[in-house]
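Since the structure comes first, as structure tokens, the remarks are kept for the end.
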Amino acid sequence: DWGEPSAMPSLEFTLMVGCPLKCTFCPQDTLRGIYGKAEKYFSLDTFCQILNKVPKHVRIDFSGMAEPWANPDATAMLRHVLTEGYKIAVYTTLYGMERTDCAQVIDMLRRHAQQVEVVCLHLPDRNGNMRGWKYNADYEANLKDFIRLAIDRVLPNFEIMTMDDGGKPHQD
């Protein structure tokens, strides 16, 4: 049972063609073939131009078939969306999020909590389905900062998931 469909329309942004995480369940090869030789990253200027045409009642989703923070402009895009007053959903692995970006994103999510409908962290799983993920200390620190948002109950809907059948995260 998927429940009732959301009454709020949403627009999902995929911020790059391809994804460095190479998840086993993601159709990246097919998508790259469809986009051909398109620009790799969605630019901040193009993002702002498109957003300017989107009605305010439409929720903006940072998700799609690529990790949002693999795009170096993701934090600026999030800032723009929140400043413009849109509601948002963020689906992220935290891959590519620098420590300075993490601090800015956490601050924005706290200050604009009433606009945040969903934050979902997609963790690497024990079965290695996120083939491009590599542990590093910044990732661990960022993950702890995001988990603090859940512990502090800052956001109304904070989720953590993996894609394997047991839900167990990678040992690192």
Item to check | Across Lys56/Lys168; Lys87/Lys144; Lys53/Lys134; Lys22/Lys87, pairs whose alpha-carbon gap is larger than 32 Å | outcome: Lys56/Lys168; Lys53/Lys134
Next on the checklist: I'd like the Karplus ³J(HN,Hα) series for the range 160-172: coefficients 6.51, -1.76, 1.60, θ = phi - 60°, whole numbers in Hz, and an x wherever there's a Gly or Pro.
Outcome noted: 10, 8, 10, 9, 8, 6, x, x, 8, x, 4, 4, 6
Item to check | Ile160 long-range amide H proximity, modeled H, under 5 Å | outcome: Leu121
Checklist entry - What share of the DSSP beta bridges in the range 26-172 is antiparallel, in percent to the nearest 5? => result 10 percent
Checklist entry - Taking H as built 1.01 Å from N, whose amide H comes closer than 5 Å to the amide H of Ser10, not counting residues under 5 places away? => result Arg59
Item to check | Heavy-atom accessible area order for Phe25, Phe42, Phe47, largest first, 1.4 Å probe | outcome: Phe25, Phe42, Phe47
Next on the checklist: Can you give me the % of accessible surface on the chain that is carbon or sulfur? Probe 1.4 Å, all protein chains present, nothing else counted.
Outcome noted: 51 percent
Next on the checklist: Skipping prolines and chain starts, which residues have an amide H placed within reach, meaning under 5 Å, of the one on Val54, given they are 5 or more residues away or on another chain?
Outcome noted: none
Next on the checklist: Sequence gap at least 6, Cα distance under 8 Å: using those rules, report the relative contact order of the chain to the nearest whole percent.
Outcome noted: 23 percent
Next on the checklist: What number comes out for accessible area per residue over the chain if the probe is 1.4 Å? Units Å², please.
Outcome noted: 57 Å²
Next on the checklist: Only four residue types carry charge here, +1 at the Cβ of Lys and Arg and -1 at the Cβ of Asp and Glu. Report the dipole size of the chain about the Cα centre in Debye, rounded to the nearest 20.
Outcome noted: 240 debye
Next on the checklist: Based on alpha-carbon atoms only, what is the radius of gyration of the range 43-167 relative to the globular estimate 2.2 N^0.38 Å?
Outcome noted: 1.05
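The values are calculated or read from the model by the stated rules, or taken from the named source; none is laboratory data. Quantities reported herein were computed from a predicted structural model and do not represent experimental measurements. Please note: Cβ atoms are built from the backbone with ideal geometry, for glycine as well, and neighbour counts cover all protein chains shown. Heads up: the accessible areas ignore ligands, DNA and RNA and are worked out on the full protein's heavy atoms, side chains in. Shrake-Rupley method; radii C 1.70, N 1.55, O 1.52, S 1.80 Å.
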